[in-house]
Amino acid sequence: MKKKKIYEGKILGLSLYDLTIQGRKVRREIIEHRGAAAMLAIDNDNKVILVKQHRYPHGNVLEIPAGTLEKRENPKKCAFRELQEETGYKAQKMTPLITYYPSVGYNTEAIHCFVASGLSKPGDLKLDEDEIISVVKIPLKKLIKMILSGKIIDSKIICAVFTYAAKKKLL
């Protein structure tokens, strides 16, 4: 295997890999990403705390709070930090829900999803300079209907909500 780094940015890189697979030489373009943490935060009224933000080229999108891991950062630590930064909520506990790879054919990113519980009242948001976010709360059952109707397009929220619902036997 031979690797050639093509680009290295703030949150991702691009490398070319020359490989031999079953005796054939192939070249793969791979996006390298540190990974992310995402949180399914459900309050005492069974409402999911979401963030609404503009995502070019898709426009305004509803998502669960999430963020890229810092270098060598523990995913759970990232989850606590990102929940507070993006929503103002603090969680007492982060329970692992699922880890998945959104694009296994060309991307190294792993998304670590957690259930955030023991939520305290929100404080101030601590957004990155490029984030314009509003916090939205939607009942879990309504959110499931929105996913099934195609109104929700983000993979993090789809994976987290359906994994949670399946584990709780809500489907």
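The values are calculated or read from the model by the stated rules, or taken from the named source; none is laboratory data. Not measured: the values here are computed from a predicted model. All Cβ positions, even for glycine, are placed from backbone atoms using ideal geometry, and neighbour counts span all protein chains on display.
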Among the numbered criteria (1) modelled with pLDDT of 95 or more; (2) under 24 Å from Asp45 (Cβ atoms); (3) assigned to a loop (DSSP other than H, G, I, E, B), which one does Cys113 miss? (3)
Being touching a residue at least 24 places away in the same chain (Cβ under 8 Å), touching a Ser or Thr at 6+ places or on another chain (Cβ under 6 Å), among the charged types (D, E, K, R) and farther than 23 Å from Glu32 by Cα is true for just one of Lys90, Lys121. Which residue is that? Lys90
Among the residues in the stretch 57-78, are any within 25 Å of Leu143 (Cα to Cα), modelled with pLDDT under 95 and outside any strand (DSSP E or B)? yes
Filtered residues of the stretch 116-133 (kept if farther than 18 Å from Leu50 by Cβ and either surrounded by 14 or more Cβ atoms within 10 Å (Cβ to Cβ) or at pLDDT 95 or above (or both)): Gly118
Does the stretch 85-104 contain any residue that is exposed (fewer than 14 other Cβ atoms within 10 Å of the Cβ), aromatic (Phe, Trp, Tyr), at pLDDT 95 or above and out of contact with any helix residue (DSSP H, G or I) (no Cβ under 6 Å at 6 or more places or on another chain)? yes
If I ask for residues that are among the β-branched types (Val, Ile, Thr) and over 23 Å from the mean Cα position of the chain (by Cα), which ones from the stretch 1-57 would you list? Ile6, Thr20, Ile21, Val26
Of the candidates Arg34, Arg27, Arg72, the one satisfying the condition of being of a type in the set (Lys, Arg), exposed (fewer than 12 other Cβ atoms within 10 Å of the Cβ) and in contact with a Leu (Cβ under 7 Å, 6 or more places away or on another chain) is Arg27
Answer yes or no as to whether Val51 is buried (at least 19 other Cβ atoms within 10 Å of the Cβ), in the same structural domain as Ile153 (by TED's automatic domain parsing) and farther than 14 Å from Phe114 by Cα. yes
In this structure, does Tyr7 turn out to be surrounded by fewer than 13 Cβ atoms within 10 Å (Cβ to Cβ) and under 26 Å from Glu70 (Cα atoms)? yes
